[in-house]
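The values are calculated or read from the model by the stated rules, or taken from the named source; none is laboratory data. Model, not experiment: these values are computed from the prediction. Quick reminder, even Gly has a Cβ in these numbers, built from the backbone with ideal geometry, and neighbours come from all protein chains shown. When the accessible area is computed, the model is the full protein with side chains, heavy atoms only, and any ligands, DNA or RNA have been set aside. Shrake-Rupley method; radii C 1.70, N 1.55, O 1.52, S 1.80 Å.
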Amino acid sequence: AWPHGWAMLHMLKLSVGPKDVAQLRAIQKLRAVADPPLRHQTRMTPKRREEILDGGSIYWVVAGFLQARQRIVDIIEDDWGDGTHCCGLVLDPKLVMVQARATKAFQGWRYLSPEDAPADVVEGAVASGMEALPPALKAALREARLI
């Protein structure tokens, strides 16, 4: 049982724009410098804040595949820059690669239970199966929707 009666919870979000995780990383690096802290702004504030802040991450769907995650370190009141209020998900700048899986498009964000979250890719581990393919070949197969 968790100390406050809740369990850790993650969020799932489509990364709109970036064609791969490297591009997402580059965009975030620029944003972190231009307008700190690094955060993702969203219209709806999660109602399950405490569960998310208890070690939860945002899992990014990039180019149709759930591929990476970032720890959510805070959830703040924010604004779009024109005075319109929104929610800011303050993110750890480190993007952690996860075992990729195809994910259909959806609007907004979704809660993601720890049981349904993909495992992190362990750096230095011996890859097998799809993970053993060269990155360019995997990208071409994904683009052709063969994986």
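Among the trypsin sites (Lys or Arg not before Pro) within the range 8-79, which fall in a DSSP loop and have no more than 12 other Cβ atoms within 10 Å of their own Cβ?
Sites meeting the loop and neighbour criteria: Lys19, Arg43, Lys47.
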* Asked: Is it possible to state the helix-based mean residue ellipticity at 222 nm for the chain, with each DSSP H run of 4+ residues giving -39500 (n - 2.57), the sum divided by total residues, to the nearest 500 deg cm²/dmol? What is it?
  -> -5000 deg cm²/dmol
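Give the accessible surface of the range 58-100 per residue, rounded to a whole number of Å², with probe radius 1.4 Å and ligands, DNA and RNA excluded.
Per residue, the range 58-100 has 43 Å² of solvent-accessible surface.
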* Asked: What's the lysine pair count for the range 1-99 at a Cα cut-off below 17 Å, pairs eight or more apart or interchain?
  -> 4
* To do: Quick one: which residues, 5+ away or cross-chain, put their amide H under 5 Å from the amide H of Ile147? H built at 1.01 Å from N.
  => Arg142
* Structure fact -> Here D for the chain, in µm²/s, from Stokes-Einstein with a Kirkwood Rh over Cα pairs at 37 °C and 0.692 mPa s, works out to 200 µm²/s
* Asked: Percent of accessible area on the range 8-66 owned by carbon and sulfur, 1.4 Å probe?
  -> 57 percent
* **Sequence-distant residues sharing a close amide H with Phe65 (under 5 Å, placed H)** => Thr103
